[in-house]
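Visitor: Sharing a structure below in structure tokens format, with a few things to ask.
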Amino acid sequence: MRRVHREEDYKAYLAEALAELKDRDPEDAHGLALAKTQDLPIWSNDRDLALAAVTMECLTTARLSRILRDQSKALRGPQAS
């Protein structure tokens, strides 16, 4: 399910996110602030974001794919290996 968030939904974390990204790419602050409000990792291949977002986990597509593959195998059980 996709949900659209308004700036009011994450405004409380925006200043903190801007501060974390001030030396990198402040345009990523909105995504980082939203991730903080939801307490969820960020899915991005943006190297600047991955290096700067030290307070939130940042998953690349490759890493997320490995996590999902491993979870799928675990759900199917040992016979699926």
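The values are calculated or read from the model by the stated rules, or taken from the named source; none is laboratory data. Computed from a prediction, not measured in an experiment: that's the story for all the values here. Ideal geometry is used to build each Cβ from the backbone, glycine not excepted, and the neighbour counts take in all protein chains shown.
Visitor: Could you figure out which of (1) touching a residue at least 12 places away in the same chain (Cβ under 8 Å); (2) surrounded by 15 or more Cβ atoms within 10 Å (Cβ to Cβ) isn't true of residue 50?
Guide: All conditions pass for residue 50, except number (1).
Visitor: Six or more apart or on different chains, Cβ under 9 Å: which pairs go from a residue in the stretch 12-28 that's at negative phi to one that's aromatic (Phe, Trp, Tyr) and in a helix (DSSP H, G or I)? Could you list them?
Guide: Once the first residue is at negative phi and sits in the stretch 12-28, its partners that are aromatic (Phe, Trp, Tyr) and in a helix (DSSP H, G or I) give 17/10.
Visitor: Right, another one. Provide a single number: the residues in the stretch 1-19 that are part of a helix (DSSP H, G or I), within 13 Å of residue 38 (Cβ to Cβ) and either at pLDDT below 90 or touching a Pro at 6+ places or on another chain (Cβ under 8 Å) (or both).
Guide: Here the count works out to 0.
Visitor: Further, regarding this structure: How many residues, within the stretch 53-68, are closer than 20 Å to residue 27 by Cβ and surrounded by 14 or more Cβ atoms within 10 Å (Cβ to Cβ)?
Guide: Qualifying residue count for the region: 5.
Residues are listed down the side, and each one gets a yes or a no for (1) charged (D, E, K, R); (2) modelled with pLDDT of 90 or more; (3) in contact with a helix residue (DSSP H, G or I) (Cβ under 7 Å, 6 or more places away or on another chain):
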site	(1), (2), (3)
26	no, no, yes
34	no, yes, yes
43	no, yes, yes
47	yes, no, no
65	no, yes, no
68	no, yes, no
71	no, yes, no
75	no, yes, no
79	no, no, no
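Visitor: Now a separate question. Residue under question is residue 48, and the condition is that it be acidic (Asp, Glu) and outside any helix (DSSP H, G or I); does it hold?
Guide: no
Visitor: Which count do you get for residues in the stretch 1-37 that are out of contact with any strand residue (DSSP E or B) (no Cβ under 8 Å at 6 or more places or on another chain) and either of a type in the set (Phe, Trp, Tyr) or closer than 21 Å to residue 65 by Cα (or both)?
Guide: Counting residues in the stretch 1-37 that are out of contact with any strand residue (DSSP E or B) (no Cβ under 8 Å at 6 or more places or on another chain) and either of a type in the set (Phe, Trp, Tyr) or closer than 21 Å to residue 65 by Cα (or both) gives 4.
Visitor: Give me a count of the residues in the stretch 20-33 that are crowded, with 19+ Cβ neighbours inside 10 Å and assigned to a helix (DSSP H, G or I).
Guide: 6
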